[in-house]
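Dumping the structure here so I can ask a few things about it.
The values are calculated or read from the model by the stated rules, or taken from the named source; none is laboratory data. Here the structure is a predicted model, which means the values were calculated and not measured. Here the Cβ is made from the backbone with ideal geometry for all residues, glycine too, and neighbour counts use every protein chain on show.
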Amino acid sequence: MTNSELNSNTATPALSDIPAMPIMDHSEVNDTTPYFANSNLQGTNTVTKSDSIAPNSDIMDVDHEEPGEKLTTADIEDPEQSRLQILDEIDAKLDLMEDTRLEMVPLLLDIVEQVKTGEISIKDVDNVCGRIRLRLNKLREDRSVVKSELENINSQFRCSERPDIVRLLRRLHRSRNTMAANLGDIKSLSPLQGVYPVAPLAGEPGFWSTNPVTKFLSSVSQTITEHRNSLDLVNPGIMENINKEVSKDVFLSLYQFTGLKADINKTFAMNPVFQIAHSFAIGSKLPSYSFTSIIANDQALVQGTIDNEFSLTGRLNYSWDKHIVSKVSLQLAEGQPPMCQLEHEYNANDFSLTLKALNPDFTGPKYNGLLIGSLMQSITSKLSLGMETVYNAMDPNGPAQAAISLAGRYNAGDWIASAQLQAQGAIVASFWRKVASNLEAGLETTIQASQQPVMSESMMMPVIQTTVEANTVLGAKYEFRQSIYRGQLETNGDVSFMLEHRVLPTIGLVFNGSVNQFKNTSKLGCGIQIETAGNEEIMMMQNGMVDQNGNPIQGVPQA
């Protein structure tokens, strides 16, 4: 590279000529480690100093004398030699600064190219840019030192207009423009090349800003976004959990069983979680034996269950990020058709969108299966509304059916009310309240309107008659220090209770029962839960002696 090319700044290295920058292991980088890990970038850039300092005899100016002063030849040569020596040192510093600057140019271009192609992650860009900023700050400090030295020479020797001083000042001014790099723009580049349009330069109008249609839509979208952010809305949750505080937390309908039941769980690891479970049941509708294995971490969960009849159930949950979750459920049982359910959730700041597909089949001339789409949107910080659409095409020989359900939820903090208008003609209303710190109560009413054929005595033929059925469930949940008690009462006459008692940190007992005086029926179930550990650390964690990080818990006696 010649001196004219450096001064004109017209030569730009081609991206294809730049060697790929290796990703540095920043954990091994210390203050003595050279920054440029690429050996091709070290010492390959030289600067030809065609404008270097001429011999002393060519630039010595001894004709300038102050009036009234008589200087000898020795008095003139000594200060001049000192000045030229200082200028040589300044020129060497500028050469070093120029070499460093030339090394950084291809490196920055290489980083930009790797970000565009996705070869380097944003986290690595942050680390690399942090090291580059240190070099830029060092260059700025060196420039300030050189500037101060030139000012001292001007004040000491009064030679600000000499050619060598003017040349150094110009070099110093040119180096100023190379130290204002905005490294933050590198992270804004898209890792997928060609997916997003290239942003126009500053002050240059682009297609999206000049097109009247997109400009109007962008303005409307920005206004709506600003208004939604000003409302301080929260995520309302998915529509499936619109009344989970009542149906899943307070009521015991999902946990009831009859007969005897025993669960033995063993945990082998905590990060990721690896756990197996053996379940035994007698005198109930549950399988006599089932084996379950679970592997989970912060991003994914895999669970599989097989019973004594070789019925297989599998579940996979994967979190793409904090907003997007995908779920897959499979079930294979002898004598029953296989079942497959695909589910995808998107949880935004103020709404939740869920898409489900049950036994989807795209191989035929038309779609067969069940599609469910639901949306829950927060209207205010407490009120949220939702809608669910069901498309049923399970029967390949019959016509498809569609139905729409509406829902609303109001969360006041210590109490929650919800209502659903289902497509089958049912109205479900629920109410949950936090009575005390350890006491919760819930109420749910279901009104079902249906049409049933009734035999007419006069016409001797069936007649369609509309019937309305209603049922109300009242339940409560009380949490003791080592026990949880649930009880509920239904208008159809069922009275149920459930008690979960923790005998030891690793042993728990479960009792539940129900009685219906109107139907003269009763049910009773007893169960035991045993948790074992695969190693001593997990055993101490299960006994409450250490936390998840292995640190001892204060106030707990250590073995």
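Within the range 407-418, take every residue that is under 14 Å from K434 (Cα atoms) and not polar (S, T, N, Q) and give me the one that is surrounded by the most Cβ atoms within 10 Å (Cβ to Cβ).
I416
Quick one: is I404 among the aliphatic types (A, V, I, L, M), over 17 Å from F251 (Cβ atoms) and either in the same structural domain as L358 (by TED's automatic domain parsing) or surrounded by 11 or more Cβ atoms within 10 Å (Cβ to Cβ) (or both)?
yes
Related question: Do the conditions hold for S293, that is, is it under 17 Å from V510 (Cβ atoms) and not acidic (D, E)?
no
Consider only pairs whose beta carbons are under 6 Å apart and that are at least six residues apart or on different chains; among these, list those whose first residue lies in the range 252-278 and is farther than 15 Å from E500 by Cβ and whose second residue is basic (K, R).
Hits for this filter: T258/K523; I276/K266.
Scanning for something touching a residue at least 60 places away in the same chain (Cβ under 8 Å), under 27 Å from the mean Cα position of the chain (by Cα) and part of a strand (DSSP E or B), does the range 317-337 turn up at least one residue?
So far as the range 317-337 goes, no, none of its residues is touching a residue at least 60 places away in the same chain (Cβ under 8 Å), under 27 Å from the mean Cα position of the chain (by Cα) and part of a strand (DSSP E or B).
Please specify each residue of the range 378-400 satisfying the condition of being in a strand (DSSP E or B), touching a residue at least 40 places away in the same chain (Cβ under 8 Å) and more than 12 Å from T354 (Cα to Cα).
Result: S378, S384.
Just a yes or no: is a residue in the range 439-446 in contact with a Lys or Arg (Cβ under 6 Å, 6 or more places away or on another chain), more than 16 Å from E469 (Cα to Cα) and of a type in the set (D, E)?
Yes, the range 439-446 contains at least one residue that is in contact with a Lys or Arg (Cβ under 6 Å, 6 or more places away or on another chain), more than 16 Å from E469 (Cα to Cα) and of a type in the set (D, E).
Could you tell me which residue of the range 452-472 is modelled with the lowest pLDDT, considering only residues that are in a strand (DSSP E or B) and polar (S, T, N, Q)?
Looking at residues that are in a strand (DSSP E or B) and polar (S, T, N, Q), I get S456.
Given the conditions (1) of a type in the set (G, A, S); (2) assigned by TED's automatic domain parsing to the domain that holds Q377; (3) at pLDDT below 95, and given that S329 satisfies all but one, which numbered condition is not satisfied?
It is condition (3) that S329 fails.
Could you say which residue among S311, S293, S284 is more than 30 Å from P236 (Cβ to Cβ), surrounded by 13 or more Cβ atoms within 10 Å (Cβ to Cβ) and without any contact (Cβ under 8 Å) to a residue 24 or more places away in the chain?
Exactly one residue qualifies, and that residue is S293.
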